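Only one structure is covered here, and it is reproduced in the block below.
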Amino acid sequence: MSALAEGPAILVDADACPVRSEVERVATRHKIPVHVVSNGGIRPSANPLVETVIVSAGPDVADDWIAERARPGVIAITADIPLAARVVEAGGTVLKPDGEALTSRNVGQALATRNLMTDLRGANPLGTGGGGRPFGKADRSRFLDALERAVRTLKP
């Protein structure tokens, strides 16, 4: 198990994460280490602050890696609500790729909504089609602003 150094760190749930380059840019500006965690297929960064962490295949292995290292001073980037709940419980900060912060105040509601939607999809095997709305420039901008604010709260 790879340990994190003391101090601020950013952990990225990298599978299907559309804001890896934005994370790297902000982290480089603030000299904060980044750990990009996935089951593989992610191109490693040449940036010395960015570590690519490849975990074994399997459900929730990347999530477990991140959750086990969550603590105050860690910012996790994920759209995975159950993972977000685990990080928040450990005292970490969570940002979704669209810039929404998940905190102790709202992660429970987000988890309940996610579970309800999972149940509804399971009850309707034909589905309703579509997926989420497309990720756009406004989402990227909101994320950059939210990450910048989160990083500044970690710095003395």
| task | Please specify each residue of region 28-64 satisfying the condition of being in contact (Cβ under 8 Å) with a residue 40 or more places away in the chain and either in a helix (DSSP H, G or I) or loosely packed, with under 15 Cβ neighbours inside 10 Å (or both). | result | 30, 62, 63
| Out of all the residues in region 17-27, which are of a type outside the set (Gly, Ala, Ser) and crowded, with 16+ Cβ neighbours inside 10 Å? | 17, 19, 20, 22, 23, 24, 26
| field | Residues being among the small types (Gly, Ala, Ser) and at pLDDT below 95 - total across region 142-156 | value | 0
| message | One residue is enough: does region 96-104 have a residue meeting the conditions modelled with pLDDT under 80, exposed (fewer than 15 other Cβ atoms within 10 Å of the Cβ) and not in a helix (DSSP H, G or I)? | response | yes
| remark: Scanning region 138-155 for residues that are farther than 14 Å from residue 74 by Cα and not charged (D, E, K, R) gives 138, 141, 143, 144, 146
| said: Just the residues that are under 19 Å from residue 148 (Cβ atoms), polar (S, T, N, Q) and over 12 Å from the mean Cα position of the chain (by Cα), please, taken from region 32-81. | reply: 47
| note | Going through region 51-92 in order, the residues found to be of a type outside the set (A, V, I, L, M) and closer than 20 Å to residue 155 by Cβ are 69, 71, 72, 73, 91, 92
| said: Take the residues in region 124-141 that are of a type in the set (A, V, I, L, M, F, W, C) and loosely packed, with under 13 Cβ neighbours inside 10 Å; name whichever of them is modelled with the highest pLDDT. | reply: 138
| message | For region 12-51, give me each residue that is touching a Phe, Trp or Tyr at 6+ places or on another chain (Cβ under 8 Å) and at pLDDT 95 or above. | response | 19, 22, 37
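The values are calculated or read from the model by the stated rules, or taken from the named source; none is laboratory data. Given the structure is predicted, the values throughout are model-derived calculations rather than measurements. Positions of Cβ are generated from backbone atoms using ideal geometry, with glycine treated the same way; all protein chains shown enter the neighbour counts.
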